[in-house]
Amino acid sequence: MVVEVKLFAKFRQGRFRKSQVEFPKGSSLGDLLEDLRIPAKEVGILLVNGRWASSESTLTSHDVVSVFPSLGGG
């Protein structure tokens, strides 16, 4: 299945801004993060089709995934 992945901020470094990515049917957001070598603990927000999702969420064909890093500050 093909999903569209949008990366933001530091996750773009050495990767891409937006890309069509192919994954096996039944893959989860956690599988996607692992494939992109993005540590789950660094992820602040995961969206699928504009709605909040967790790393356990299952992807379906043509989903649009947005991955935002945690924000630091003080």
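Assorted remarks:
- For the criterion of being surrounded by fewer than 12 Cβ atoms within 10 Å (Cβ to Cβ), within 12 Å of the chain's Cα centre (by Cα) and of a type in the set (D, E, K, R), Glu56 passes.
- Yes/no for Ser55 being of a type in the set (Gly, Ala, Ser) and either in contact with a His (Cβ under 8 Å, 6 or more places away or on another chain) or at pLDDT 95 or above (or both): no
- Every pair of residues 6+ apart whose Cβ atoms lie under 8 Å, when the first sits in region 46-58 and is over 16 Å from Val2 (Cα atoms) while the second is among the hydroxyl-bearing types (Ser, Thr, Tyr) and not in a strand (DSSP E or B): Leu46/Ser54; Leu46/Ser55; Leu46/Ser57
The values are calculated or read from the model by the stated rules, or taken from the named source; none is laboratory data. What you see is a predicted model; the values in this text were computed from it and never measured. Cβ atoms come from the backbone with ideal geometry, glycine included; neighbour counts cover every protein chain shown.
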